[in-house]
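Novice: Dropping the structure in here first, questions after.
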Amino acid sequence: MLLILHPNTDEESQEFIETWNFLLDLPNVQIKKHNVFGQQQTLTEIYIIGDTSKLDREEIAALPAVERVIRISQEYRILGRHRDKQRAVGFDYNGVHFSQDNLNIFAGLCAVDSTEHVELMMKALQENGQCCTRMGAYKPRTNPYSFQGHGKTCLPYVFELAGKYGIKVIAIEVTHEKHIEEISACLEQTGRPTGVILQIGTRNAQNFELLKTIGRQQEFPALLKRGFGITLSESLNAAEYLASEGNANVIFCLRGMKTSFSEPHRNMVDFSHVPVVQRLTRMPVCVDPSHSVGSRDKSPDGLLEVFHATAQGIIAGANMVLVDFHPVPKKALVDGPQALYLDELPIFLEDVQIAREAYLKRCQLAQKMASHEGE
Ligand code: PEP
Ligand code: MN
């Protein structure tokens, strides 16, 4: 059971204390509090976990601090939808809105290799009206002898250049607790010229200790990749680990599934799950066409398969796209074969726009359908 308290309820207030004490006395259940900090208000949610079947819902709804009571399913307690349309979906971070109603593009380098390439990338983004990017500093590689990323040494110039070119949010993968500290310290040192979303890669989707660590901090939102060899439900539970530790600012990313049937794509594109994740949870949903397709192959219509996969995600309602670009893909130290060229960026963005408009038109169809049902 989930209780939504009146907005901005003060924990020192009589109403809160009375409500809290009543809940603490309930038998066979555990009480967990979760704060949602919005721009205008703070919302307190209280989860009653355990055997709630014998609880008197009316009595709980009548407690002084309680605004409403929602019955929740066992799964995805915090991030789930639970058939409640009023709960907020999404969040704002560093001036950028993330929700199930909009779309943000994160085009950038799979791995930072040189200052020059970072600058060329950021400059191209600014010229094309973009304020978000991806920049890999810590790269989890299959082969221990492959380039592992520049790590913390590249952060100062990545952040400074982001500031110079008006980039507000960078998605950076982290694989260890100390990476979060390094990012936080470097942002502080450089005067916070930009913001960071902590990316959790597919290989760490069930690294529960890493998830808990990222969940315990409130400074950065998280972008969780779907695990490449686990069920959707297992990946959504991984997201719930972040939320259950206190950080519900989570974006869920589809990036294709590992199976030999995906050939000639790197991973089996799973973007038909965009609306499924939106139905089951309140998370904005990202797609990563680069790591799904894994090549610059072109279909007979002249469009790259990465463009096609991107459009498939967006036309299904995706809220974010994480896509690899590189000024000189041949020189890229990681994933060069799937990177798009900088001069393809404006065309890519135009294609994104076409797909987004098509999606919005499809939503109007849904409204038409709903009004017919009401007749
Ligand atoms: C990446 O986005 O750079 C990456 C390594 O992706 P994934 O975790 O999906 O393989
Ligand atoms: Mn990559």
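Novice: Output the relative contact order of the chain, whole-number percent, from Cα pairs under 8 angstrom with separation of 6+ residues.
Specialist: Over the chain, the number comes to 14 percent.
Novice: Report the residue, chosen from Gly336, Gly317, Gly256, that carries the largest GNM mean-square fluctuation when the chain is represented by alpha-carbon nodes joined by springs under 10 Å.
Specialist: Gly336
Novice: With a cut-off of 17 Å, note down the residues of segment 234-253 whose backbone N falls inside the zone around a label point 7 Å from the Cα of Arg216 toward its beta carbon.
Specialist: 241-248
Novice: Accessible area per residue for segment 92-368 in Å², computed with a 1.4 Å probe and the full protein assembly in place, what is it?
Specialist: Details: 11320 Å² over 277 residues.
With the other protein chains kept in place, segment 92-368 gives 41 Å² per residue.
Novice: Let me ask another. For segment 203-343, what is the largest minus smallest coordinate of the Cα atoms on each principal axis, given in angstrom and ordered from greatest to least?
Specialist: The Cα atoms of segment 203-343 stretch 47, 31, 27 Å along the principal axes, largest first.
Novice: Here's a follow-up. Taking the full set of protein chains and a 1.4 angstrom probe, give the accessible area of Leu3 in square angstrom, rounded to the nearest 10.
Specialist: Probe radius 1.4 Å; accessible area of Leu3 about 0 Å².
Novice: Turning to a different aspect of this structure: I'd like the per residue volume of the convex hull spanned by the Cα atoms of segment 262-366, given in cubic angstrom.
Specialist: On the way: hull volume 11.6 nm³, N = 105.
It is 111 Å³ per residue.
Novice: Can you tell me the convex hull volume per residue for the chain, based on C-alpha atoms, in Å³ to the nearest whole number?
Specialist: Each residue corresponds to 165 Å³ of Cα convex hull volume.
Novice: Calculate how large, on average over all directions, the projected area of the Cα convex hull of segment 2-72 is; give the answer in nm² to one decimal.
Specialist: That works out to 4.5 nm².
Novice: Oh, and also: Please check: in the Gaussian network model of the chain (C-alpha springs, under 10 Å), which one of Asp324, Asp301, Asp51 has the largest mean-square fluctuation.
Specialist: Highest fluctuation among the options: Asp301.
Novice: Now a separate question. In the chain, which cysteines lack any other cysteine Cβ under 4.7 Å from their own?
Specialist: Within the chain, the cysteines lacking a partner Cβ under 4.7 Å are Cys110, Cys131, Cys132, Cys154, Cys186, Cys363.
Novice: A further question on this structure: Please give the helix 345-374 orientation as an angle from the longest Cα principal axis of the chain, in degrees from 0 to 90, rounded to the nearest 10.
Specialist: Roughly 30 degrees, rounded to the nearest 10.
Novice: How large is the accessible surface of Ser235 in square angstrom, using a 1.4 angstrom probe and rounding to the nearest 10?
Specialist: In the full protein context, Ser235 sits at about 0 Å².
Novice: Could you rank Tyr157, Tyr138 by how accessible they are, 1.4 Å probe, largest area first?
Specialist: Ranking Tyr157, Tyr138 by accessible area, largest first, yields Tyr157, Tyr138.
Novice: Turning to a different aspect of this structure: Most mobile of Thr142, Thr310, Thr115 per a Gaussian network model of the chain (Cα springs, under 10 Å)?
Specialist: Looking only at Thr142, Thr310, Thr115, the biggest GNM fluctuation is shown by Thr142.
Novice: Let me ask something additional. Among the aspartates and glutamates, which fall within straight-line cross-link reach of Lys164, defined as a Cα-Cα distance under 13 Å, with same-chain neighbours fewer than 8 residues apart omitted?
Specialist: Glu119, Glu127
Novice: Ok, one more. Please give the solvent-accessible surface of Glu11 in Å², to the nearest 10, using a probe radius of 1.4 Å with every protein chain present.
Specialist: Its accessible surface works out to 70 Å², give or take rounding.
Novice: For Thr115 and Met369 in the same chain, what is the full-extension length gain: residue separation times 0.36 nm, less their Cα-Cα distance, in nm?
Specialist: 86.2 nm
Novice: Right, next: Using unit Cβ charges (K, R positive; D, E negative) and no other charged atoms, how large, in debye to the nearest 20, is the dipole of the chain about its Cα centre?
Specialist: Numbers: 38 positive and 46 negative charges, 165 e Å.
Computed charge dipole of the chain: roughly 800 debye.
Novice: Moving on to the next point. Whenever you get a sec, line up Glu127, Glu219 from highest to lowest accessible area (probe 1.4 Å, protein heavy atoms). All intermediate terms of the calculation are to be shown ahead of the outcome.
Specialist: Numbers: Glu127 125, Glu219 75 Å².
Ranked list, largest accessible area first: Glu127, Glu219.
Novice: Normalising by the residue count of segment 2-72, find the relative contact order in percent from Cα pairs under 8 Å and 6+ residues apart.
Specialist: On the way: 110 pairs, mean separation 33.6, N = 71.
About 47 percent, as a whole number.
Novice: Right, another one. How long is segment 25-137 along each principal axis, judged by its Cα atoms, biggest number first, in Å?
Specialist: The Cα atoms of segment 25-137 stretch 63, 26, 21 Å along their principal axes.
Novice: Taking 41 Å as R0, compute the FRET efficiency from the Cβ-Cβ separation of Glu67 and Arg203 and round it to 0.05.
Specialist: The formula returns an efficiency of 0.50 here.
Novice: Further question on the same structure: Give me the log10 of I(q) over I(0) for segment 233-289 at q = 0.14, 0.17, 0.24 Å⁻¹, as the Debye formula computes it from C-alpha points; what are the numbers?
Specialist: Evaluating at q = 0.14, 0.17, 0.24 Å⁻¹ gives log10 I(q)/I(0) of -0.42, -0.59, -0.96.
Novice: A further question follows. Can you say what percent of the DSSP beta bridges in the chain, counting only those with both residues inside, are antiparallel? Round to 5.
Specialist: Here the share of antiparallel DSSP bridges comes out near 45 percent.
Novice: Return a whole-number percent for the relative contact order of segment 259-322, with Cα pairs under 8 Å and 6 or more residues apart as the contact set.
Specialist: Rounded, it is 38 percent for segment 259-322.
Novice: Additional query: Pop the C-beta distance of Arg141 and Ser13 into the FRET formula with R0 = 45 Å and round what comes out to the nearest 0.05.
Specialist: Details: r = 53 Å, r/R0 = 1.17.
The formula returns an efficiency of 0.30 here.
Novice: Just to verify a number: FRET efficiency for Asp84 and His6, C-beta to C-beta distance, R0 = 22 Å, to 0.05?
Specialist: The calculated FRET efficiency here is 0.85.
Novice: Then there is this: In degrees from 0 to 90, rounded to the nearest 10, what is the angle of the helix 14-24 Cα long axis to the longest principal axis of the chain?
Specialist: 90
Novice: Working with all protein chains in place, sort His176, His150 by solvent-accessible area computed with a 1.4 Å probe, largest first.
Specialist: Details: His176 95, His150 65 Å².
Solvent-accessible surface, decreasing: His176, His150.
The values are calculated or read from the model by the stated rules, or taken from the named source; none is laboratory data. In this text, all values refer to a predicted model and were calculated from it rather than measured experimentally. All Cβ positions, even for glycine, are placed from backbone atoms using ideal geometry, and neighbour counts span all protein chains on display. Protein only, heavy atoms only, side chains kept; ligands, DNA and RNA dropped before computing areas. Shrake-Rupley method; radii C 1.70, N 1.55, O 1.52, S 1.80 Å.
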